[in-house]
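To start, the structure under review is shown below, and the notes come after it.
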Amino acid sequence: MDSIIVTGNGPLAGQIPIAGAKNSCLALMPATLLSDEPLTLTNAPRLSDIATMTTLLQSLGAEVSALQEGKVLAMSSHDLTSHTADYDIVRKMRASILVLGPLLARYGEAVVSLPGGCAIGARPVDLHLRALEAMGAELDLRDGYVHAKAPGGLKGGVVEFPFVSVGATENALMAATLAKGTTVLKRAAREPEIVDLAQCLRKMGAQIEGEGTDTITIQGVDRLHGATHPVVTDRIELGTYMLAPAICGGEVELLGGRRNLLAAFCDKLDEAGIEVTETEKGLLVKRRADHIKAVNVTTEPFPGFPTDLQAQMMALLTTAEGVSVLEEKIFENRFMHAPELMRMGAKIDVHGGTATVTGVKKLKGAPVMATDLRASVSLILAGLAAEGTTRVARVYHLDRGYEHVVRKLEGVGAKIERVHGS
């Protein structure tokens, strides 16, 4: 099993290119199921989760080709051979549930495995199912699968989510494009990934208004056509690499970054003493002083502080001056990185959904173990600023969400390597 070895090596300098958004691409790919014409995605990230979604779509009979070293995905669903998403594929990635809405909308039937839980909480799919039922779907849960039917096609309706869910909003949005009549999604997610999906669907002929707000209105059409669409910049990768010079010192430019993708996160960095400046190519990040100031963070749906940057932010705050409080309001059980940071000398006290971090002068390198995708990269960030060497085990999590992490950090001066079979 691979590990990543990081040695604290002082300030960083240079540029890091930011890839297309994993979470956006995973929603855009199932959109090919809505049309019999080709859908082409550019600026696609090269990640294991993208490969898993590719396998799932191909299992349904879709054609998916990775071009230009994987940065372009050419897809076609003109002749599907199956409407069943098998457990063996779905269990590997929760985003697999996003094929349910498109299959049901276009073909009037779908059988999709329930994805089950994951390391950072159950993340139930009941909101996806309730949204489709509001559009007239007939659902039967048996043997671990959702058996969905809409014999006369889906019908427009009002879907009011009890709380914000990005995945449920995406599934309902795609399904509604081919539903008869008007569908209104209330308390819809506002994330940039939702906006990106809506823009792609509009290029395919969908009639959508209100994306980026909490109310999205979709007027169903008879069919969608092909399109070419660039995947939006990955704001979580962006925020992660913005924290590298914040933790280590130095000055790094994040190519393709935009402040409006991470306004709340940038505000917290400013409060902590990190300067973020927009440039012609992206965002330039550097410390204002030698030490970081303690800040309090509460994770919230967009446009609030992203839960997917909480672990990385904790790594930064372990050496801040003072006491920081991080409150996790999106997912339960998302502080599993805290004990590993404590192995490096961090002072962290976790009670339920709240972690109190008392800054120390310096972290010390240690063998640590990644528990999930974001936790793994938080440990790498911590290792960049620690004294000595840090070995991060179980880094296969990284491959799900970070493209060429070693190469990108090496490019700005980090002392980091990936070792195989250890």
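Inside segment 1-60, residues that are outside any helix (DSSP H, G or I) and of a type in the set (K, R) make up a count of 1. Might you let me know whether segment 351-369 holds any residue that is in a helix (DSSP H, G or I), free of Cβ contacts under 8 Å to residues at least 40 places away in the same chain and either out of contact with any strand residue (DSSP E or B) (no Cβ under 9 Å at 6 or more places or on another chain) or surrounded by fewer than 23 Cβ atoms within 10 Å (Cβ to Cβ) (or both)? No - not one qualifying residue is present in segment 351-369.
For segment 254-281, filtering for residues that are in contact with a Gly (Cβ under 6 Å, 6 or more places away or on another chain), part of a strand (DSSP E or B) and surrounded by fewer than 21 Cβ atoms within 10 Å (Cβ to Cβ) leaves 1. Mind checking whether some residue in segment 126-143 is free of Cβ contacts under 8 Å to residues at least 12 places away in the same chain and under 26 Å from E300 (Cα atoms)? Yes, that holds for at least one residue. A single entry from E211, E193 fulfils the requirement of being more than 17 Å from the chain's Cα centre (by Cα), among the charged types (D, E, K, R) and surrounded by 16 or more Cβ atoms within 10 Å (Cβ to Cβ): E211. Each residue in segment 291-320 was checked for being without any contact (Cβ under 8 Å) to a residue 40 or more places away in the chain and either over 16 Å from the mean Cα position of the chain (by Cα) or not in a strand (DSSP E or B) (or both), and 8 pass. For segment 103-132, filtered to residues that are touching a strand residue (DSSP E or B) at 6+ places or on another chain (Cβ under 7 Å) and assigned to a loop (DSSP other than H, G, I, E, B), the residue that is modelled with the highest pLDDT is G108.
Annotation for segment 325-332: at least one member residue is part of a strand (DSSP E or B), surrounded by fewer than 19 Cβ atoms within 10 Å (Cβ to Cβ) and assigned by TED's automatic domain parsing to the domain that holds V412. Of the residues that sit in segment 10-31 and are touching a helix residue (DSSP H, G or I) at 6+ places or on another chain (Cβ under 7 Å) and closer than 19 Å to Q68 by Cβ, which one is surrounded by the most Cβ atoms within 10 Å (Cβ to Cβ)? Only one residue tops the list, namely L28.
Please work out which residue is modelled with the lowest pLDDT, limiting yourself to segment 381-399 and to residues that are more than 15 Å from A315 (Cβ to Cβ) and among the hydroxyl-bearing types (S, T, Y). Within segment 381-399, the match that is modelled with the lowest pLDDT is Y396.
The values are calculated or read from the model by the stated rules, or taken from the named source; none is laboratory data. Everything numeric in this text was worked out from a predicted model, so none of it was measured. Positions of Cβ are generated from backbone atoms using ideal geometry, with glycine treated the same way; all protein chains shown enter the neighbour counts.
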